[in-house]
Amino acid sequence: MNIQQKKWLYLVLLSLVWGSSFILMKKALIGLTPVQLGALRILIAGLFLLMIGFKSLKEIKKKHYKHILSTALLGTFFPVFAFAFAVSGIDSSITSILNSLTPFNTFIVGVLVFGFSFKKQQFIGIFIGLIGTVLLILKGSDLNPNQNYWFSILVVIASVGYAFNVNIVKKHLSDISALSIVAGNFLLLVIPAFIVLLFTDFFSTFEYTETKMNALGYLAILAVLGTGVAKVFYNKMVHLASPIFASSVTYLIPIVAVFWGILDGEKLDLIQFFAGVIILFGVYLVNKKK
C-alpha cells in the first residue's frame, strides 16, 4: 500500500471511529458526570496505550518532551473535558458538525503561529464557514430551547486545541513514531486525570447499577477505540500528510455522527442540515488547491 492509499485509509477509519464517539459520549453521560467521563476516558485510554506502547517511549528524547506535553494538553486533556461538557448540553450531532471548524482553526493557527501562506480563497472559506456556524447555533437554540447552546463555545475551544496539536506534531515531532507520541502524551496525563477523578468522589459514590455499568461499557469503547487507537492512526496520518489534510477528517465525522444522532432520536431540521453543508463548503474552500 503506497503513502496516498494509507492516507485515505486512515482518513476513512478515523471518520468512522470519531464519528461514533459523540453518541458514545452521550450514552456514557447517562451514568457519569462530564468530569468523570473525561477523567476516566483518559485513564482507560492511557492504561491501554501504555501497555501496548511502553517500549516506544525510549524513542522520546529530552528535547521532545515540551512538545509532547503541549500536544497532550491541547490535543487530548482539555478537548476531552470540553467535549464531555458540550455533549451534556447540546445534541451529539450538532457537536460533531461544530467540530468541523477544526480545519479552519488548523489553517488560522498555521498562518499566525507557524508561518503558512494565506490565500484570498481561504479567507472566503473561513468567512463562509463562520456564517454556517452562526446559523447552526441560532437555529439549534430555536429548535431545542431546552438546550444550552453556549456549550458550543467549548467545541470551538477544543477545535483550536486540535489545531495547535496537529501543527506541533507535524513541525516538532515528525522524527518519532505515532505510537511513541501518544504513549508519551498519556504518560504525562494519567496522574492528572486520576487526581481529577478523585475530586469527583467517583470512588465513594459510584453504584454498580445497570445504568452505571452500561455507561462504563460505552466509555471503555470510547476510550480504547475513540481515544487510544484513533490517536495512533491520527498521528500516523499527520506524518504522511499535511496538517490541513489530517484535520480534514472532520469533513466525514459529521456524516457518521448525524446518522447515529438521528437513530437516537435527535432533531436536525433542513436549515441545520443546510448550515452544516455551508460549514463543510467553507472547509472545502480553505483546503482546495488552485
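The values are calculated or read from the model by the stated rules, or taken from the named source; none is laboratory data. Just so we're clear, the structure is a prediction, and the values are computed from it rather than from any experiment. Glycine gets a Cβ as well: all are built from the backbone with ideal geometry, and neighbour counts include every protein chain shown. Surface areas here come from the heavy atoms of the whole protein model, side chains and all, with no ligands, DNA or RNA. Shrake-Rupley method; radii C 1.70, N 1.55, O 1.52, S 1.80 Å.
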Considering only helices (runs of 4 or more DSSP H) wholly within segment 171-267, the ones with at least 2 residues that are in contact (Cβ under 8 Å) with a residue 40 or more places away in the chain, more than 23 Å from Pro34 (Cβ to Cβ) and hydrophobic (A, V, I, L, M, F, W, C) are 178-198, 230-240, 243-247, 253-263
Identify, please: which residue in segment 103-112 is open to solvent by less than 10 Å² (accessible area, probe 1.4 Å) and not hydrophobic (A, V, I, L, M, F, W, C) and is, among those, nearest to Ala215 (Cα to Cα)?
Pro103
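It is to be established whether one or more residues within segment 198-206 are touching a Ser or Thr at 6+ places or on another chain (Cβ under 7 Å), open to solvent by less than 10 Å² (accessible area, probe 1.4 Å) and within 20 Å of Gly46 (Cα to Cα).
No, segment 198-206 has no match at all.
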Determine if segment 5-23 includes at least one residue that is of a type in the set (Lys, Arg), buried (at least 21 other Cβ atoms within 10 Å of the Cβ) and either in contact (Cβ under 8 Å) with a residue 24 or more places away in the chain or within 27 Å of Thr200 (Cβ to Cβ) (or both).
no
Of the residues in segment 24-39, those that are in a helix (DSSP H, G or I), open to solvent by 20 Å² or more (accessible area, probe 1.4 Å) and either under 18 Å from Leu198 (Cβ atoms) or among the aliphatic types (A, V, I, L, M) (or both) come to Leu24, Pro34, Val35
Check Phe116 against each of (1) hydrophobic (A, V, I, L, M, F, W, C); (2) at pLDDT 80 or above; (3) open to solvent by 50 Å² or more (accessible area, probe 1.4 Å) and name the one condition it does not meet.
(2)
When segment 238-290 is checked residue by residue, the ones that are at pLDDT 70 or above, buried (at least 23 other Cβ atoms within 10 Å of the Cβ) and closer than 29 Å to Lys171 by Cβ are Val238, Ala246, Val249, Thr250, Ile253, Pro254, Ile279, Gly282
Kindly indicate whether Phe274 is among the aromatic types (Phe, Trp, Tyr), in contact with a helix residue (DSSP H, G or I) (Cβ under 9 Å, 6 or more places away or on another chain) and within 13 Å of Ile94 (Cα to Cα).
yes
In segment 84-113, how many residues are modelled with pLDDT of 80 or more, among the aliphatic types (A, V, I, L, M), touching a Phe, Trp or Tyr at 6+ places or on another chain (Cβ under 7 Å) and assigned to a helix (DSSP H, G or I)?
3
